[in-house]
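Nothing in this text is a laboratory measurement; each read-out follows from the coordinates by a stated rule. Quick caveat: nothing in here was measured; it's all calculated off a predicted structure. Counting neighbours? That spans all protein chains shown, and the Cβs are built from the backbone with ideal geometry, glycine included.
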Amino acid sequence: MSRIRVAAVQAEPRWLNLSAGVEQTIGYIEQAADDGAGLVAFPETFLPGFPWWMWLNSVDWGGEFLARYRANALTADGPELRAIAYAARRKGIHVSVGFAERAGDEIFMSQALIDTNGTITVVRKAEPTGLERTVFNTSDGGLLVRDTELGRIGVLGGTDHLRADLRARMHEQREQIHIAAWPGFTVYYGEDKEWGGDLDTAASVRYAMDGSTHVIAPVAVVPVAGWEVVDARMPDRRLLRGGGGVSRVFGPGGLELAAPLAEGQEGLLFADLEVGRALRTIGERAPRVTSGRVVRREPVRAGIVESA
């Protein structure tokens, strides 16, 4: 059994600013590696942030946000993701990062898993929620599960953890470490969505127990200041209220392995995993299957492109 240190990011994204977001991401990669982590996991669509304006679909200027969001989305083979992969290789750390992927005129909710050689594997979320589909496209799906030097790692984003069929397919892959990437939460006034943070915790715990796997659950910080929107009819009334969530790390039995950071606090949550317990619990050796599409191997150092 090997002991592995992992880190879950709990931070506010650099909203709609891709170059600043990549710089922030690389900073957390370097910090996690310097503190001994072999794996660091970021929230869903951390780059360039989850599009919370979706809650405001009646507001006239939603189209402006969408244009800016597209301009600050990543391409799977672009210089921004290559720069992140270069940082992973240079620091000798595995990285899981959620990002908005631009492919032609389409945008997908994507996850990338990068190993210490800088190899990038990407998968797109097959079925975004109804609200998410106002921004993101559906895809053919696929699983992101890889054999790595740390063990067998799998990744899912957000509400995919509520799909019983997808959970079952992932459990069949015999993960040792699962990354449950959540976007954080904010609330539109008048909507009863206060269960958001509790939902991601419950889903992460259930996943750990059902899959007999460690679960790293990074969550974004979402202060109102990040998406402060004022009702044009009532300028003193905000349309969004604060949210966020708390990053956590769970063992195969569903118990927390580290005391979480305070809600709203930015930083890294570290935990030490005893990898090997999951496979012994299952009682058989995992098949060596790599899912997802490999988009690049052995990346070169790349500069960051200025984004709108």
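Name the long-range amide H neighbours of I107: under 5 Å, sequence gap of 5 or more, or other chain; modelled H, no Pro or chain starts.
N137
What net charge do the residues around R5 carry, taking every other residue with its C-beta under 9 Å from that of R5, with Lys and Arg at +1 and Asp and Glu at -1?
Every neighbour counted, the sum reads -1.
In whole Hz, with x marking every Gly and Pro, tabulate ³J(HN,Hα) for region 92-109 from phi via Karplus 6.51 cos²θ - 1.76 cosθ + 1.60, θ = phi - 60°.
Taking θ as phi minus 60°, the curve returns x, 9, 7, 9, 10, 9, x, 8, 7, 9, 9, 9, x, 8, 9, 10, 10, 8 Hz for region 92-109.
Quick check: the distance between the Cα centres of region 59-117 and region 247-279, to the nearest angstrom?
25 Å
Under a Cβ-Cβ cut-off of 12 Å, what is the net charge of the residues other than S96 that fall near it, where Lys and Arg count +1 and Asp and Glu count -1?
Around S96, the charge tally is -1.
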